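The values are calculated or read from the model by the stated rules, or taken from the named source; none is laboratory data. All values derive from a computational prediction rather than experimental measurement. Using ideal geometry, Cβ is built from the backbone for each residue, glycine included, and neighbour counts are taken over all protein chains shown. When the accessible area is computed, the model is the full protein with side chains, heavy atoms only, and any ligands, DNA or RNA have been set aside. Shrake-Rupley method; radii C 1.70, N 1.55, O 1.52, S 1.80 Å.
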Amino acid sequence: MTLDPVAALMVDEAGDLTGRVLVLDDTDAALTFAASEAGADVRTWCDDLRDLAAIPAAHRLHVPAADEGADAWRPDLVLWRLPRAVSAVEDYAEHLASHLEPGTRIVAGGRTKHMTVAFNTALARHFASVTASRGRQKSRVLHITGAQPAPRRWPARRYLPEVGITAVAHGSVFHTNRLDDGTRLLLRTLARTAGDPTPDPQHPRGQAIDVGSGSGIIAAWLAQRGWLTTALDVSQAAVTSTRLTAQANHVTVTARAADMLAYTPPASADLVVANPPFHRGAAKDSTATLTMIAQAGQVLRPGGELWLVFNTHLPYLQHLRRHIGITTIEAQDRHYVVARALKEPST
């Protein structure tokens, strides 16, 4: 398998790959295969469900590092594709430092344009040594050793008075535990029809799905208003964060890892709400959202609605009309559009 510049530099800088190797957030299973072919005992964890699916089952982990215990599998080396957010780097560092032996080496790589000195600062809170390579092909590696467990900051908790929700999130979740502008506009607009936060448990409003739930703000908000709410996200950290947010707000949300609406039964929802991403990693990619719109046309019951907030430049309106039905713009500002699509009984 051909390695991209980041993976190639990581493998070259790592040196001996014949021991126990933990791979974090692999892309196309490239690092996993490279380490396995070199003779390593490889185990891989990916936050993104789509990346994890590409990892051979024999190498998959379902947590970022082995569990504690006398017989725990402990790596000699960690190959880690760095996330772009400093909060995510810090969250990973906290977890790794609490599980790794002090002598374990970490080789962490990324594109130079996405790396900042703040990464080093975050890592230095949890590791004795953090040094950078010279770089190659616009990529760079950090060599990290000397795990020093410290009190964890993540997941972090924040009360959001604008929406009456306490958000709890891991560092790798979009916008962590803050209220982003798109979600703010969506909930302000949706409040006109979603009901007040005084639900009647005996008479739920219907079945709602939050697609791409992130920290779980939208899901918890819907559950407060009496919707039987399911939250879906491709990120395992987001699913965990959504569950924590639901607990913090004393509401019930069924959160599970899923690629958009895949495997959701047809005609099972009255309301689908989403503030979906239009990136996959660093690359702009609306494919997942376009797929979700088509899926929503099947998942919604007749008379059901899809509420979507998205950046003004994205061409989603025509897809909403094609796959769901009558679509109206319910709110718009300089950056975002909130659209409402109704599935008509005849479709």
Simple spin-label estimate for residue 28 and residue 112 in nanometres, 7 Å along Cα-Cβ: 2.2
The chain: angle of helix 86-99 to the longest principal axis, Cα-based, in degrees nearest 10: 60
Antiparallel bridges, percent of DSSP beta bridges restricted to the chain (to nearest 5): 50
Percent accessible area from carbon and sulfur atoms, the chain, protein chains only, probe 1.4 Å: 51
Highest-first arrangement of 89-100, 131-142, where packing means the average Cβ count within 10 Å: 89-100, 131-142
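If packing is taken as the mean number of other Cβ atoms within 10 Å per residue, what is the order of 6-18, 167-179, 111-123, highest first?
Highest-to-lowest ranking by the protection proxy: 167-179, 6-18, 111-123.
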Dimensionless Rg/Rh of the stretch 19-135 - Kirkwood Rh, Rg from C-alpha atoms: 0.94
Kirkwood Rh, angstrom, the stretch 203-248 [1 / mean 1/r, Cα pairs]: 10.2
DSSP bridge orientation in the stretch 177-307 - percent antiparallel, rounded to nearest 5: 10
Segment residue 12-residue 318, extension gain: residue separation times 0.36 nm, minus the distance between their alpha carbons: 105.4 nm
Extension reserve of the residue 263-residue 152 stretch, reckoned as 0.36 nm per residue once the Cα distance is removed: 36.4 nm
Label-point gap, in nm, between residue 49 and residue 298 - each point 7 angstrom along Cα→Cβ: 1.5
Difference of contour (0.36 nm per residue) and Cα-Cα distance, residue 98 to residue 250: 51.8 nm
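Between residue 193 and residue 58, what FRET efficiency follows from the Cβ-Cβ distance if R0 is 51 Å, with the result rounded to 0.05?
Efficiency at R0 = 51 Å is approximately 0.55.
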Packing-based order for 317-330, 43-56, using average beta carbon neighbours within 10 Å, highest first: 43-56, 317-330
